[in-house]
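Have a look at the structure below, then the notes.
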Amino acid sequence: MAKVITTQNFEEEVLKSEKPFLLDFWATWCGPCMRQGPIVEELGEEGYAVGKLDVDQNMELAQQFRVMSIPTPDHFQERSRSTPSGWSYR
């Protein structure tokens, strides 16, 4: 099952994930998002680290990651500890 990601739990669930994390930026009114949603849910059921972030409820995160259209799946993965941020995405 995909986790519900919000501004409040983003760091804990996504950035501190031990596995690479697939984050689906979506909205309830988006037809293509509704078609992609079951695929994201299925990946979660198979053990992958996945989550869904409603862009209408979490606009600041959507803006931070420059989401221009939805659905937008983004991949977050820890980089080498020697990099400044320690994280990459997309």
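Read-outs: derived from the displayed coordinates by stated rules, not from any lab. Worth saying up front: this structure is predicted, and the values here are computed from it rather than measured. We place every Cβ from the backbone using ideal geometry, glycine too, and count neighbours over all the protein chains shown.
By the count of neighbouring beta-carbon atoms within 10 Å, fewest first, 28, 7 end up ordered 28, 7. For region 24-71, the list of chymotrypsin sites (Phe, Trp or Tyr not before Pro) that fall in a loop by DSSP and count at most 11 other C-beta atoms within 10 angstrom reads 29. With log10 I(q)/I(0) by the Debye sum over Cα atoms at q = 0.14, 0.15, 0.17, 0.22 Å⁻¹ as the read-out, I listed [x] -0.66, -0.74, -0.91, -1.24; [y] -0.54, -0.60, -0.71, -1.07; [z] -0.46, -0.53, -0.68, -1.11; which label goes with the value calculated from this structure? Only one listed value fits the structure, namely [z]. Helix 31-45 axis versus longest C-alpha principal axis of the chain: approximately 50°, rounded to the nearest ten. Note on residue 78 and residue 9: the extension gain reaches 23.1 nm, defined as 0.36 nm multiplied by sequence separation minus the Cα-Cα distance. For residue 49, the residues whose modelled amide H falls within less than 5 Å of its own, excluding neighbours fewer than 5 places apart on the same chain, are 22.
I need to check one value: relative contact order of the chain, counting alpha carbon pairs closer than 8 Å and at least 6 residues apart, in percent.
Contact order relative to length: 38 percent.
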